[in-house]
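Read-outs throughout are calculated quantities, based only on the coordinates presented, and are distinct from any laboratory measurement. Worth saying up front: this structure is predicted, and the values here are computed from it rather than measured. Here Cβ is always computed from backbone atoms with ideal geometry, including for glycine, and neighbour counts include all displayed protein chains.
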Amino acid sequence: MSRSARLAEIVAEHRGREGPLLPILHAVQAEFGCVDVEAEAGIAAALNLSRAEVHGVASFYHDFLATPDPRPEVQLCRAEACQARGCEALVGAAQEAAGDRVRLKTVYCLGLCSAGPAVRIGDAVYARLDEATLVGLIEAA
């Protein structure tokens, strides 16, 4: 199936929803690894929006990439609750373990405020991390 046909399928799956743009952007990001200019134009045409409107939403949210990044992503919570539980002391070791191979991304709440420091890798969330456990998770990503 061509990319444009798959994009049309994704739009059709969500078109009937109230506020379909964000679900479409998430589905496109998951399917293609990015929301590029071509995808923005196709979504805009299908939803009768300007490309600027679609680009404005896609560029506002940090989850949407303009170009694919094949590296695994590790999301490190650095919200106040995780800071209070020591996440800032782990940042240096996390950055060193990630290097250029892993995309280390700061997020501001994974919903485990009482069990931080926390990270998300894919769909899995890990809490009560110490430096050794965090480094191990990053190296295994």
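A few notes on this one:
- Quarter of Cα convex hull surface for segment 27-105, i.e. mean projection, nm²: 6.4 nm²
- Longest DSSP-loop-exposure-free segment, trypsin sites (Lys or Arg not before Pro), the chain, at most 14 other Cβ within 10 Å: 18-100
- Each of G92, V74, A124 was scored by the projection of its Cα onto the charge dipole of segment 6-141, and the greatest displacement toward the positive side belongs to A124; charges sit on the C-beta of Lys, Arg, Asp and Glu.
- Shown is the FRET efficiency for N48 and A5, computed with R0 = 22 Å from the Cβ-Cβ distance and rounded to the nearest 0.05: 0.65.
- Percent of Cα-Cα distances greater than 20 Å, calculated over the chain: 53 percent
- Segment 73-140: radius of gyration and largest Cα-Cα distance (Dmax), Å: 10.4, 31
- Total charge dipole magnitude, segment 22-95, about the Cα centre, Cβ charges on Lys, Arg, Asp, Glu only, Debye to nearest 20: 200 debye
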